[in-house]
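Note sheet for the following structure.
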Amino acid sequence: MADDKQHHLSTVLDYEDEAALRSALKNCTACEIDWKVPKLDIATSEEESLEVEVLRLQVLRSYRILDTGRKGSFERLTALAARIFDVPICLVSLVDLSRQWFASNRGLGDVRETPRNSAFCAHAILSKLDVFIVPDTLEDPRFADSDLVIGDPKIRFYAGSPLVTPEGYKIGTFCIIDVKPRPNGLSLSEKQNLREIAALAMDQIQETKIEVETSRKDQSRQIACTAHDLITPLTSIQLN
């Protein structure tokens, strides 16, 4: 996308309060805001819950990271993971209302978002496994007919570790993608590496939130001080 701040798919940022967000999720089951995951593997996935999804999206919004510019710390993590795992694509993906939004995207050009209903990461955040792995997409009925498999970027292998908040909500994933299948998946040490890099990405997301909150407090304090400086002389004039 030409402008990192633009978005074309519905986002939690479009809904100012919990009631509006809940209504959007509840009333739209066959449109752009369909948050239900297609072809979900019930045996290995957590049950989808409207209430949990409302809370998860509110927590995601609270991090104030959606639709922000690219950040060097995320770019360095995806570059490192691409080298460690020898993959062409690596993402910091946040699962939003009707899209997955990329805080970092290595290997997909300028793309910053794709529809949630076709996202591998939408499956990953519901998985009971600590690392969600698809060794060969063409052999997996959940993904074999996906546009992301049949067409570009021609995904054949996916592995994602969730980005888990201190409250326990999975707001997205740190994932690696290959255009070649990996029948053996990942080794134990590779899974551990992916989990640890995902944890580092989550740390960066939390630091970003703290930076934004600190900046806002500083701005509020500066405005208050300026207002005080302007009011004080006027008060003195009135007293005189």
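The values are calculated or read from the model by the stated rules, or taken from the named source; none is laboratory data. The model shown is predicted, which means the values in this text are computed figures rather than measured ones. Every residue, glycine among them, receives a Cβ derived from its backbone with ideal geometry; neighbour counts consider all protein chains shown. Ligands, DNA and RNA are excluded from the accessible area calculation, which covers all protein heavy atoms including side chains. Shrake-Rupley method; radii C 1.70, N 1.55, O 1.52, S 1.80 Å.
Surface composition of segment 51-119: carbon and sulfur atoms hold 55% of the protein heavy-atom accessible area at a 1.4 Å probe. Over segment 48-165, accessible surface divided per residue gives 36 Å², non-protein components excluded, 1.4 Å probe. Note on segment 138-180: with neighbouring protein chains present and a 1.4 Å probe, carbon and sulfur make up 54 percent of its accessible heavy-atom surface.
Tell me the net charge near L50. Cut-off is 9 Å between Cβ atoms, L50 excluded, with +1 for each Lys or Arg and -1 for each Asp or Glu. Residues near L50 contribute -1 overall.
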